[in-house]
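The values are calculated or read from the model by the stated rules, or taken from the named source; none is laboratory data. All values derive from a computational prediction rather than experimental measurement. Counting neighbours? That spans all protein chains shown, and the Cβs are built from the backbone with ideal geometry, glycine included. For accessibility, only protein heavy atoms count, side chains too; no ligands or nucleic acids. Shrake-Rupley method; radii C 1.70, N 1.55, O 1.52, S 1.80 Å.
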Amino acid sequence: KEKQTLHYEEIYKIRNRERAFISSKFPLIDSLGNLYAIGFMATDITERIELENRKDEFISMASHELKTPITSIKVFTQILQRQTKNTRIDNSKLYLKRMDAQINRLSNLINELLDVSRIQSDKLMLNISKINLNKLVKESVENIQATTDSHKIIVRGSIKNKITADKDRIEQVLINLLTNAIKYSPKGKKVLLNIDDNKDKIMISIKDYGMGIPKKYQAKIFERFFRIDDERHSASPGLGMGLFISKGIIEKHKGKIWVESKVNKGSTFHFILPKKA
């Protein structure tokens, strides 16, 4: 009826073994514009999927194994910090402080890898409860504001009632988007966070006045490990997991996340959440 090409994945059983295919079905139309047949083409992607699954299993296993020694190093560093608190050995205090910061950075990286693995295997679990979104936004903004003197984070709007969601995961999304807004607008002076209260859902928008995202990359930035091939963006550290994780969290809440951006004008990241997840 629509005369449109269809693309989809499907499973076939061949010689008692299931194999995965990416399939296309497309209309064949004669010179008068009449449909006379349907063309079909399928590409076997079984090996590629198996390779991706093994890679995800390895990332998950390696991340779990790394957590134990990192936790131990963190504890020992904290003990040494307490023991040197009242001493005059300034260099030791400085190095311990730097060690602690790097341990936190490594721990965050491991947690992100675990989240990526959980999202890929659809094992990301939510701890749903009633939360005060206004308070959560306020706390998230205060935490990020304390880390920067270059940007002023301005909050506009509020909602009347509590929503049901995973408090820690929504906070994770807020902090990731606010951190990105500051990171990718080095010459900007402010970041705007707007809360829009609708009947059965809420929308949060975070706007920066930074370098913006080229249109050709906007559909890809939520992909796993995606990094923009641009000198200005590649100068910022990271593995490109934050937006992929944020998308997984929002979609697990049955919500939606997207970006609107113009180069050298800035970006606005929006996400919608149902009030009852």
Completion exercise
Taking a ≥ b ≥ c as the square roots of the eigenvalues of the Cα gyration tensor, with a/c under 1.5 meaning rounded and otherwise prolate when a/b exceeds b/c and oblate if not, the stretch 1-41 is prolate
Fill in the blank from the handout: Rounded to the nearest 10 Å², the accessible area of THR164 using a 1.4 Å probe with every protein chain kept is 30
Practice task
Roll a 1.4 Å probe over the protein chains and send me the accessible area per residue for the stretch 88-146 in Å².
Solution key: 67
Completion exercise
Given (1) 13.6; (2) 22.2; (3) 16.7 as possible values of mean projected area of the Cα convex hull in nm², the one from the coordinates is (2)
Problem - Surface accessible to a 1.4 Å probe, THR179 within the full protein complex, Å² - result: 60
Exercise for the section: With θ set to phi - 60°, apply the Karplus curve 6.51 cos²θ - 1.76 cosθ + 1.60 along the stretch 19-32 and write out the HN-Hα couplings as whole Hz, x wherever there is a Gly or Pro. Expected result: 10, 9, 10, 9, 10, 10, 10, 9, x, 10, 10, 7, 5, 8
Exercise for the section: Heavy atoms only, probe 1.4 angstrom, no DNA, RNA or ligands counted: give me HIS7, HIS253 ranked by accessible area, highest first. Expected result: HIS7, HIS253
Fill in the blank from the handout: Under a Gaussian network model of the chain whose springs join Cα atoms within less than 10 Å, the largest fluctuation of ASP122, ASP168, ASP30 belongs to ASP30
Completion exercise
With every protein chain kept in place and a 1.4 Å probe, the residues ARG15, ARG227, ARG48, ARG169 fall, from largest accessible area down, as ARG15, ARG48, ARG227, ARG169
Problem - Heavy-atom SASA rank of VAL263, VAL137 (probe 1.4 Å, accessible area, largest first) - result: VAL263, VAL137
Handout entry: Accessible surface, per residue, of the stretch 1-54 when the full set of protein chains is kept, probe 1.4 Å, Å²
Key = 85
Fill in the blank from the handout: Cα-based Rg/(2.2 N^0.38 Å) for the stretch 126-277, rounded to two decimals, is 1.00
Exercise for the section: Quick one: pull the percent of accessible area on the chain belonging to carbon and sulfur, 1.4 Å probe, ligands and nucleic acids left out. Expected result: 53
Fill in the blank from the handout: Once the dipole of the stretch 65-163 is set up from charges on Cβ (+1 Lys and Arg, -1 Asp and Glu), the residue from the list ILE110, ILE70, GLN145 lying farthest towards its positive end is GLN145
Completion exercise
Expected field for TYR12, accessible surface area in Å² at 1.4 Å probe radius, rounded to 10, holds 90
Problem - Amide H contacts under 5 Å for ILE163, placed H, 5+ residues apart - result: ILE131, LEU133
Completion exercise
Contour minus Cα-Cα span, LYS262 to THR68, at 0.36 nm per residue, comes to 65.5 nm
Completion exercise
Residues meeting the amide H criterion for LEU126 (H placed from the backbone, H to H distance under 5 Å, 5 or more places apart or on another chain) are none
Practice task
Please list the non-local residues whose amide H lies under 5 Å from the amide H of ILE45, H modeled 1.01 Å from N, same-chain partners needing a gap of 5 or more.
Solution key: ALA20, PHE21, ILE22
Completion exercise
Quick numbers on the stretch 1-135, Rg and Dmax over C-alpha atoms in Å, give 27.1, 90
Exercise for the section: Calculate one ³J(HN,Hα) per residue across the stretch 131-147 by plugging θ = phi - 60° into the Karplus curve 6.51 cos²θ - 1.76 cosθ + 1.60, and present them in order as whole Hz with x for glycine and proline. Expected result: 10, 8, 5, 4, 5, 5, 4, 4, 5, 5, 5, 4, 5, 6, 4, 5, 9
